[in-house]
Amino acid sequence: MNTKLPILLIFTFFSLLCFGQKKGEINWLNFEQLEDSLQAKPKKTFIYFYADWCVYCKKMERNAFRNPAVTEKLHSNYYAVKMNAESTDTIHFDGQKFYNLQAETQRNGIHAIPLLLASRKNREFSLPAILVLDENFKVKDRKFEYLTSEKLKKLMSEKD
């Protein structure tokens with residue numbers, strides 16, 4: 001039996017843990033990962049809803065979400081969740097099943113999770129949508145607009 005194989009596997013595993021995420025990139029979670037993380041250690045949550053066609057979402061991803069101060073703040077103080085608002089995935093979260101019911105009748109239907117968390121009274125759902133939640137998963141702030149790096153840092157600083 002080759003004794004180098006287990007050592008190589010262990011080295012590969014730890015390398016992926018240490019170097020799997022590029023410096024300056026946000027470690028985005030999905031809702032299932034978020035639930036596991038919140039159960040292990042309560043922490044504030046930052047949720048970003050986007051769509052592939054959303055010009056301002058793409059601009060935020062190119063600019064604000066690559067700013068070192070923004071990424072550092074997200075890494076140190078928040079669980080960061082990113083979700084395509086038009087996803088057709090079935091998501092299990094908090095003992096419930098969520099899916100995109102609108103996709104059955106509309107071309108670009110909105111998934112139930114963004115509708116639940118990011119809807120506004122008497123207004124249509126709009127993107128980009130950003131939510132900041134406390135350690136108890138209570139909404140502290142919602143933004144429905146393009147945010148520059150400075151505005152994003154300010155939003156997170158106000159919620160600390």
_Count of residues meeting criterion [surrounded by fewer than 15 Cβ atoms within 10 Å (Cβ to Cβ), polar (S, T, N, Q) and not in a helix (DSSP H, G or I)] in the range 27-48_ = 2
*Does the range 82-100 contain any residue that is more than 17 Å from E32 (Cβ to Cβ) and among the basic types (K, R)?*
no
*If you go through the range 105-132, how many residues are over 23 Å from K58 (Cα atoms) and touching a strand residue (DSSP E or B) at 6+ places or on another chain (Cβ under 6 Å)?*
0
*Residues of the range 49-64 being surrounded by fewer than 16 Cβ atoms within 10 Å (Cβ to Cβ), under 15 Å from S126 (Cβ atoms) and touching an Asp or Glu at 6+ places or on another chain (Cβ under 9 Å), which ones?*
W53, Y56
*Any idea how many residues of the range 34-52 are free of Cβ contacts under 8 Å to residues at least 12 places away in the same chain and either of a type outside the set (A, V, I, L, M) or touching a Cys at 6+ places or on another chain (Cβ under 7 Å) (or both)?*
3
*Out of curiosity, is L155 touching an Asp or Glu at 6+ places or on another chain (Cβ under 9 Å), part of a helix (DSSP H, G or I) and modelled with pLDDT of 90 or more?*
yes
*Does T148 satisfy the condition of being hydroxyl-bearing (S, T, Y), within 22 Å of E25 (Cα to Cα) and over 16 Å from the mean Cα position of the chain (by Cα)?*
yes
*Could you list, in sequence order, all residues of the range 95-109 that are surrounded by 10 or more Cβ atoms within 10 Å (Cβ to Cβ) and part of a loop (DSSP other than H, G, I, E, B)?*
Y99, N100, Q106, N108, G109
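Name the residue, out of K154, K143, that is under 15 Å from A64 (Cα atoms), over 16 Å from the mean Cα position of the chain (by Cα) and of a type in the set (K, R).
Answer to the check: K154.
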*assigned to a strand (DSSP E or B) and at pLDDT below 95 - does that describe any residue in the range 121-128?*
yes
*Determine the pairs where a residue that is free of Cβ contacts under 8 Å to residues at least 60 places away in the same chain, located within the range 125-142, has a partner that is part of a loop (DSSP other than H, G, I, E, B) and among the aromatic types (F, W, Y) with Cβ atoms under 9 Å apart, the partner being 6 or more residues away or on another chain.*
F125/F144; S126/F144
_Residues located in the range 53-94, provided they are in contact (Cβ under 8 Å) with a residue 24 or more places away in the chain, part of a helix (DSSP H, G or I) and of a type in the set (S, T, N, Q)_ = T71, N77
*Can you give me the number of residues within the range 101-137 that are closer than 24 Å to Q33 by Cα, out of contact with any helix residue (DSSP H, G or I) (no Cβ under 9 Å at 6 or more places or on another chain) and charged (D, E, K, R)?*
1
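The values are calculated or read from the model by the stated rules, or taken from the named source; none is laboratory data. Predicted model, so just to flag it, every value in this text is computed and none were measured. Methodologically, a virtual Cβ is constructed for each residue, glycine included, from the backbone with ideal geometry; neighbour enumeration extends over all protein chains shown.
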